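Working notes for the structure below.
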Amino acid sequence: MARIRVLVVDDHRIFAESLAAALAAEPDVDVSAAGSGPAALRALERAAAEGRGYDVLLVDAELGALTTGDAHAAPGPRQEGVGVVDGISLVAGVSSGRPAVRSVVLAEKDDPRAAARALQAGASGWVAKDCSLQRLLAVIRGVLRDETHLPPALLTGVLRELTAARKHRTESERLVESLTPREREVLRCMVAGLGRKAVAERLFLSPHTVRTHMQNVLGKLGVHSTLAAVALARRAGVGPADPATGPLGRDVVERGGQLAQ
């Protein structure tokens with residue numbers, strides 16, 4: 001009998017242990033529990049190193065709410081294991097770093113916006129915490145067949161949220177396309193979190209010129225702050241500037257105390 005390896009990730013210890021015990025009673029399920037995002041990532045790494053990786057991750061939608069004031073911060077591109085706290089960010093990290101692992105979000109309440117964000121992050125399902133064990137097992141087995149599971153009551157709301165997100169992305173892409181190549185370089189540096197001085201050094205420009213470019217970027221994107229510009233850039237799929245490269249993506253190395261390309 002092929003066994004299904006499941007990892008329950010929930011910082012409510014009693015719930016996690018109870019769910020793990022219920023699943024462990026199934027003859028074809030092996031289950032473990034983790035109490036945080038970082039703990040889950042360590043468990044995934046250990047299991048993979050031992051050649052017995054997990055198949056399904058059951059993630060609390062409110063993971064991290066006990067320890068952080070912003071459990072629903074929008075996940076951005078990040079490496080697995082780096083700065084992961086909340087449940088949807090954990091799903092995004094695992095989806096990116098371990099695509100063979102299916103993630104199912106466990107929620108105390110139906111929330112179309114959060115469910116849509118979970119699907120965008122790579123989740124294969126959204127299930128109520130108070131659903132029956134039979135229902136949860138059906139979802140676990142279903143996502144392993146590449147099915148996506150949502151409660152019927154959520155479907156309309158989730159589709160509306162996904163459609164709106166796509167509309168915002170299209171508009172964001174149009175705005176980014178209005179930037180000049182140099183302004184796009186500056187925007188990518190902003191996405192990477194670089195300040196004006198760092199951008200100037202990186203692009204071999206004066207701080208005054210960088211300030212002008214940044215003002216032009218904000219104006220063309222129709223926003224009033226760097227944070228808003230970065231959020232719009234991420235919606236448009238703009239990634240951060242590669243720290244290993246210089247202007248226009250050319251490699252930069254240091255030779256004899258001087259920068260050479």
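The values are calculated or read from the model by the stated rules, or taken from the named source; none is laboratory data. Here the structure is a predicted model, which means the values were calculated and not measured. Neighbour counts run over all protein chains shown; Cβ positions are idealised from the backbone, glycine included. Protein only, heavy atoms only, side chains kept; ligands, DNA and RNA dropped before computing areas. Shrake-Rupley method; radii C 1.70, N 1.55, O 1.52, S 1.80 Å.
Placing a pseudo-label 7 Å from each Cα along the Cα-to-Cβ vector at Arg5 and His224 gives an inter-label distance of 5.2 nm.
When nucleic acids and ligands are ignored and a 1.4 Å probe is applied, Leu221 ends up with an accessible area of around 10 Å².
Dipole orientation for the range 111-211: of the candidates His149, Val139, Ala116, Ala116 has the Cα lying most toward the positive pole (charges on Cβ; Lys, Arg +1; Asp, Glu -1). Once divided by 2.2 N^0.38 Å, the Cα radius of gyration of the range 159-236 becomes 1.15.
The Cα atoms of the range 1-66 cover 38, 26, 14 Å along the three principal axes, with the biggest extent listed first. Taking only protein heavy atoms and a 1.4 Å probe, the accessible area of the range 159-236 is 56% carbon and sulfur. Less than 5 angstrom separates the built amide H of Val29 from those of Ile4, all sequence-distant by 5 or more or on a different chain. Using Cβ point charges alone (K and R +1, D and E -1), the dipole size of the range 159-236 about the Cα centre works out to roughly 100 debye. Taking the charge dipole of the range 159-236 about its Cα centre, with +1 at Lys and Arg Cβ atoms and -1 at Asp and Glu Cβ atoms, the residue from Thr180, Ala231, Gln215 reaching farthest to the positive side is Ala231.
For the range 130-137, the Karplus equation 6.51 cos²θ - 1.76 cosθ + 1.60, evaluated at θ = phi - 60°, returns couplings of 8, 5, 6, 4, 4, 5, 5, 5 Hz by residue, with Gly and Pro reported as x.
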